[in-house]
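Each remark here refers to the structure printed beneath this line.
The values are calculated or read from the model by the stated rules, or taken from the named source; none is laboratory data. Just so we're clear, the structure is a prediction, and the values are computed from it rather than from any experiment. Please note: Cβ atoms are built from the backbone with ideal geometry, for glycine as well, and neighbour counts cover all protein chains shown. Accessible surface areas use protein heavy atoms only, side chains included; no ligands, DNA or RNA. Shrake-Rupley method; radii C 1.70, N 1.55, O 1.52, S 1.80 Å.
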Amino acid sequence: MFNDLFLTYLKQENVITDENIAKINEAVANGKEEAFRYITSNIMREDALFGHLSVFLGLQKREVQLSEISFDLISKFPKEHIVINKYCPLYEYNDEIYFAICNPMCIEAINELKQYTSKEFKYILVTPSNMLTLINYLTNKIKQTDVLTSYADENTDITVGGDVNDDSSAPIITLCDSIINDAVSRKASDIHIEPFEEEIIVRYRIDGKLVVINKLKPHIFQPLVARFKILSDINIAERRLPQDGKIVKEIDGVQYDFRVSTMPTIHGEKLVIRIFHKSLHSSDMSLLGLSDEQRELITNIISRPHGIIMLTGPTGSGKSTSLYAFLRHLNKPDTNIVTVEDPVENQIDGINQVQVNNKANLTFSNVLRSILRQDPNIIMIGEIRDEETAQIATRAAITGHLVFSTLHTNSAAGVVSRLIDMGIPPYMVSDSLLCSISQRLVRKLCPKCKREHMTTPGEMEMLQIHEPKKIYEPVGCPICSNTGYSGREGVFEILPIDDRVRDIIMSKNYTSEMLHDSVKEYIPSVIDNTREKVLNGLTSIEEYESLIEEIKVNER
């Protein structure tokens, strides 16, 4: 990759200097990986480097998704050859076969495959990190297929493995590892393993939707459950009661927590495994889905020295992600930030994070009292669940601390009523609350396959517009697993507590309806925010309808 011709090209493009070339050649002497590490650490990002390489080689360059991999195609070639040479067969189109490569030198190795087919080979350049994801996924699926093939016979003796650190090649250990690794590769948030009379269904929650991934033979289930129980330190003999445990595992250099929950059903124990990154590197305010105006408003509010900022929304609406993004923005050497969480979902360097332990009487309220003696500037409370915690948080805000927390309400205005219902006097709510933010998540349309169309009269009425406008609809392609969507982002209702809101809170005849009716005239709701994303081509009218229905159901 780093030959003289390519380095000369980069110099001609004013990307590198003669001094850079000397350093690169010095690194090349220590190995290609050292040269690559030097460039991506000191000169340009991996993606930019491979952008230049794709132009130099005349190859298409893009990120390849796992859903583009065809195992029918892979089965035609030696799997060991694929893994050793680090390329990935993707799909066939007419008389051509497309391969993902990260090193042009492997084209020579791929040409050896022409003994298996008469079709022409085409190449897509991907970054080494993208290739690592593809190869890991590929090897993981090969192992999983081999295990399931070996378990096809119901009389097969299945060894569970009794040690958490057991690295034996027992098939059930391989199967459990492959399920976890596969879910992480697909960016799933949860794994569901569900027993039924005729089969075991494995589903992943991806972009908020459950997707069936596999169907297993019933005789595999008990060994599978037993292995996950061993890994998560759950009582393997108890099958009648729900249990909870945790697995800590490193995958591709990233630490993950897997929270395991079992629940007895009529066909056996159902397992749900929630996946948490222990380091949320992508937790950045620019990635939440906020508009420029919303981001500026929130940045100004969270920069205040004291008060409460409350996030609200149902479980799985992205509240924790938003909180971590706010804390990262405020995380500076001169600021003491302390959190109390149940559980600590993501670890952030420079922030003191405390995990609740009810068995040891380390509750939210008890931890908060201790935190206030630790000279904090900013306190984050994972969730305000009771009156005592609400009282302590409110007093902390009034006495000079900036407090972040979450509640479960249907709207930003509902936060005020919930705090008052918890026993906080209206004058304290008025004095302490800086802002309440209601949020939901909507799926983003796949940028590769979304299709434009002009709004119909019915869609115009739903979107409250008077002229036909161009919007987009989902189609489905290999890149988005034929769903039409790729990823999710937040939609927000941001309610700053200004003098108008304070006057309403302090009025003698205050009701939540009064506040809601007042602010809806000038505060865009999550529905308004979603409508704007539909008109901007970011999401679909189906997601808009779904959100409206969800909010209506919650308000009943």
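Per residue, the chain exposes an accessible area of 50 Å² to a 1.4 Å probe, with every protein chain left in place. Sequentially through the range 481-489, phi angles give Karplus couplings (6.51, -1.76, 1.60; θ = phi - 60°) of 6, 6, 8, x, 10, 8, x, 9, 8 Hz, Gly and Pro residues having no value and appearing as x. Of all beta bridges DSSP finds with both residues in the chain, what is the antiparallel percent, to the nearest 5? The antiparallel fraction comes to roughly 65 percent.
The calculated FRET efficiency for GLN355 paired with MET454, based on their beta-carbon distance and R0 = 45 Å, is about 0.30. Projecting label points 7 angstrom from Cα along Cα→Cβ for SER150 and ILE398 puts them 6.5 nm apart. Given the alternatives [x] 35.0; [y] 29.2; [z] 32.2, mean projected area of the Cα convex hull in nm² as computed for this entry is given by [z]. Backbone amide hydrogens, once placed in the peptide plane, bring GLY537 within less than 5 Å of TYR472, excluding anything fewer than 5 places away on its chain. Rounded, prolate or oblate: pick one for the range 430-479, where a ≥ b ≥ c are the square roots of the eigenvalues of its C-alpha gyration tensor, a/c under 1.5 means rounded, and failing that, prolate if a/b is larger than b/c, else oblate. Verdict is oblate for the range 430-479. Amide H contacts of VAL354 (H built 1.01 Å from N, in plane; Pro and chain starts excluded): THR339, VAL340, GLU341 sit under 5 Å, all sequence-distant by 5 or more or on other chains.
Cross-linked pairs LYS11/LYS122; LYS209/LYS270; LYS61/LYS249; LYS246/LYS444; LYS76/LYS143; LYS187/LYS448: Cα-Cα separations exceed 24 Å for LYS11/LYS122; LYS61/LYS249; LYS246/LYS444. Rolling a 1.4 Å probe over the protein heavy atoms of the chain, with every protein chain left in place, gives an accessible area that is 47 percent carbon and sulfur. Legend: Rg and Dmax of the range 469-518, from Cα coordinates, 20.7, 59 Å.
Annotation for the range 1-67 versus the range 107-149: alpha-carbon center distance of 23 Å. Structural descriptor for the chain: relative contact order 9 percent, calculated from alpha carbon pairs under 8 angstrom and at least 6 residues apart.
In terms of the Cα gyration tensor, with a ≥ b ≥ c the square roots of its eigenvalues, is the range 11-136 rounded because a/c is under 1.5, prolate because a/b exceeds b/c, or oblate? Cα axes put the range 11-136 in the prolate bin.
Here the spin labels are modelled as points 7 Å beyond Cα on the Cα-Cβ line, and at LYS332 and GLU199 they lie 5.7 nm apart.
Compared with the rule-of-thumb size 2.2 N^0.38 Å for a compact globular protein, the range 345-445 has a Cα radius of gyration ratio of 1.15.
Placing R0 at 45 angstrom, the Cβ-Cβ distance between ARG304 and ARG239 gives a FRET efficiency of 0.30 after rounding to 0.05. The loop-placed GluC sites (Glu not before Pro) in the range 503-556, going by DSSP, that have at most 12 neighbouring Cβ atoms within 10 Å of their Cβ come out as GLU521. Farthest towards the positive end of the charge dipole of the range 83-123, among the residues ILE84, ALA109, PHE121, is the Cα of ILE84, using unit charges on the Cβ of Lys, Arg, Asp and Glu. Residue by residue, the range 501-514 carries 3J(HN,Hα) couplings of 5, 4, 4, 5, 4, 8, 5, 5, 9, 4, 9, 5, 5, 4 Hz when phi is fed to the Karplus relation 6.51 cos²θ - 1.76 cosθ + 1.60 (θ = phi - 60°); x denotes Gly or Pro.
For the chain, the residue among LEU210, ILE273, LEU538 whose Cα projects farthest onto the positive side of the dipole built from Cβ charges is ILE273. Under 1.5 on a/c is rounded, so check that first for the range 327-401, then, if it is not, pick prolate when a/b is larger than b/c and oblate when it is not; a ≥ b ≥ c are the square roots of the alpha carbon gyration tensor eigenvalues. Since a/c reaches 1.5 but b/c is at least a/b, the shape of the range 327-401 is classed as oblate. Couplings 3J(HN,Hα) for the range 14-30, derived from phi with the Karplus relation 6.51 cos²θ - 1.76 cosθ + 1.60 (θ = phi - 60°), are 6, 8, 10, 10, 4, 5, 4, 4, 4, 5, 5, 4, 5, 5, 4, 4, 9 Hz, where x marks Gly and Pro. Database remark: amide H of ASN214 closer than 5 angstrom to the amide H of VAL202 (H placed geometrically; neighbours at sequence offset of 5 or more, or on other chains; Pro and chain starts carry no H).
Counted residue by residue at 0.36 nm each, then reduced by the alpha carbon distance between them, the extension gain from ASP4 to ARG373 reaches 126.7 nm. For the chain, a simple Cβ point-charge model (Lys and Arg +1, Asp and Glu -1, everything else neutral) yields a dipole of about 300 debye relative to the Cα centre.
Applying 1/(1 + (r/R0)^6) with r as the Cβ-Cβ distance of GLU108 and ARG45 and R0 = 30 angstrom yields a FRET efficiency of 0.60. Each of TYR485, VAL442, PRO496 was scored by the projection of its Cα onto the charge dipole of the range 421-502, and the greatest displacement toward the positive side belongs to TYR485; charges sit on the C-beta of Lys, Arg, Asp and Glu.
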